[in-house]
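Notes for the one structure printed next.
Values in this text are rule-based calculations from the coordinates and carry no lab data. Everything quoted here is computed from the prediction, not taken from an experiment. Here Cβ is always computed from backbone atoms with ideal geometry, including for glycine, and neighbour counts include all displayed protein chains.
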């Protein structure tokens, strides 16, 4: 099975520190070396990058430079408002944000975000503009009210952010993600807008699907929810998505494949059979002719910390042997 897969992951130094990790860079190195992962997504948080009105990549530099030095592919989740890992909306405290609002191009939050975004991209271009292994992601799960402020992004705002990104990095690829199949129709419409406005060619775009097979909040009578097969009735079916991909030739990936214990769910990341389940169903998103099948493990920080502290169980060792050796 593992011959079909290009393993990737999302790595958050901040979350690794939250777990008690005193040296997340060492954990990142172990993940790369022991799991043979060469494709990493990093989230650049607004309230980490901007301090006292100044923008700096100092916190993230050692991670980016290590990955580049080792010829890894990097997807920078640059927001500016929503970046992976709770609380999702990593907004500086000096900005007042109304909960459950929709971010529009001319809203106060958007004005702050656009000003910051230009500064961030200018800095990334200065430091890493010549690097070919960097792609980008804007506004994590932009159509999903997941986050402590429960914000949504308007198309006009997203088009503006994409336009700014394109001005700085016209040749780099762009990934945007959906919560399972929930937002596929909206994202396909947004991709149409990008192409119609001559921001991106289809081949520069990547659609990511975040796939969680076990969710703590569902009914206790259900072991799991199979979100790729059964979802809201108006969600785009995978068969339709595959036809659009085969026509337009954008990239597909599982941008988050559940791999960590979450809430009451202790098995993902601790069970070989559960990981087999996630991988088997995650592979459903790809057309048969699709060869570069990226699956990004979500929660590798915890697994990496267990490897570093030599706390792997026999089940963990079986996972490594089955998928990563």
Label model pair residue 226, residue 315: point-to-point distance (7 angstrom along the Cα→beta-carbon line) in nm is 2.2 nm
Label-point separation, residue 289 to residue 36 (7 Å along Cα→Cβ), nm: 2.9 nm
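For the chain, what does -39500 (n - 2.57) per DSSP helix run (n ≥ 4), summed and divided by total residues, give at 222 nm, in deg cm²/dmol to the nearest 500? Mind showing how you got there, number by number?
On the way: 11 runs with 123 residues, N = 325.
Result for the chain: -11500 deg cm²/dmol, rounded to the nearest 500.
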Provide the FRET efficiency to the nearest 0.05 for the residue 123-residue 146 pair, computing r from the beta carbons and using R0 = 45 Å. 0.95
Expressed as a rounded percentage, what relative contact order does segment 60-158 have, with Cα pairs under 8 Å and six or more residues apart? 43 percent
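Looking only at Cα atoms, what is the convex hull volume of the chain per residue, in Å³? Please report the intermediate quantities before stating the final value.
Values: hull volume 43.9 nm³, N = 325.
Taking the convex hull of the Cα positions in the chain, it is 135 Å³ per residue.
I'd like to know how segment 176-325 sits against the 2.2 N^0.38 Å rule of thumb: what's its Cα Rg over that expected value? Please list the in-between numbers first.
Numbers: Rg = 16.9 Å, N = 150, 2.2 N^0.38 = 14.8 Å.
Compared with the compact-globule rule of thumb, segment 176-325 sits at 1.15.
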Between residue 114 and residue 264, with labels modelled 7 Å along Cα→Cβ, what's the label distance in nm to one decimal, could you check? 4.6 nm
